[in-house]
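To start, the structure itself, in structure tokens.
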Amino acid sequence: MGIKYFRITGGEPTCVNYFTELIEYMMNFSQTKVRINTNGFKILESINLLKKYKERIDIVFSVDSISEYLDGVHFPKYLSEKVIQTTRVLQKNDIPVRYNIVVTKLNEREVKPLVLKAIDELQVNVKLLDLNKFSEYLGFEHILRGKEAVQLWDNLFVPMSKFSGFLEKISDNSKSEWTTSFISTSVKDMEFL
């Protein structure tokens, strides 16, 4: 049907028992490119498949903090030693890696050190994302809907403009070089560094 670009996300896509078969199926089509959004804990189980298609696959980790806990809030998507080790194995095998950081008021103080650690120590591309607002929130202890849910998202929201000066200061690249060309280079998909 002409579809060339795929993003596999979830939940955690590597947990489904047909993950490798799905990748193989998509790679049967010429010029297909696949981005896999993952927490990284099982991705190395597919390392041979990733190496086979490394020119057409990239990996995106969701990493929202350096610390597992911030002010008593648990961040399951933190820069754990396991994520760092997995990143290094992927890089050693020339498989592109990026970290997505969803910025909220809960983790905003860790964004700058996390970006610097990713870039300086790990040589990883980073994308900052603001929080999407939803009219529903399904938490571990509470369910909020309607105005209450929107208010929660509003209370957690941090505008990305708060980080533009920091990003310009640490970047020696032009804005045109801030994009990753793997999937898209549209303005909508602008990457930071």
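What follows draws every value from the coordinates through simple rules; no lab data is involved. Small disclaimer: the values here were computed from a predicted structure and weren't measured. Every residue, glycine as well, gets a Cβ built from its backbone with ideal geometry; the counts of neighbours run over all protein chains shown.
If you find the alpha carbon centre of segment 32-70 and of segment 82-129, how far apart are they in angstrom? The two parts, judged by their Cα centres, are 11 Å apart. In terms of surrounding Cβ atoms within a 10 Å radius of their Cβ, 44, 116 rank from fewest to most as 116, 44.
About the centre of its Cα atoms, segment 1-117 shows a dipole size close to 400 debye [charges on the beta carbon of Lys, Arg (+1) and Asp, Glu (-1) only; nearest 20 debye].
Taking loop as defined by DSSP and a crowding limit of 16 other beta carbons within 10 Å, which GluC sites (Glu not before Pro) in segment 16-72 fit? If you can, show how the numbers build up before the last one.
On the way: sites: 21, 24, 45, 55, 68; in loops: 55, 68.
Here the GluC sites (Glu not before Pro) that fit, given the DSSP loop and packing criteria, are 55, 68.
Fewest neighbouring Cβ atoms within 10 Å first, the residues 27, 160, 1 line up as 1, 160, 27. For segment 64-108, trypsin sites (Lys or Arg not before Pro) are listed when DSSP marks them as loop and at most 14 other Cβ atoms sit within 10 Å of their Cβ; the list is 105.
Only sites in a loop by DSSP and with at most 10 other Cβ atoms within 10 Å count here; which chymotrypsin sites (Phe, Trp or Tyr not before Pro) in segment 18-101 make the cut?
18
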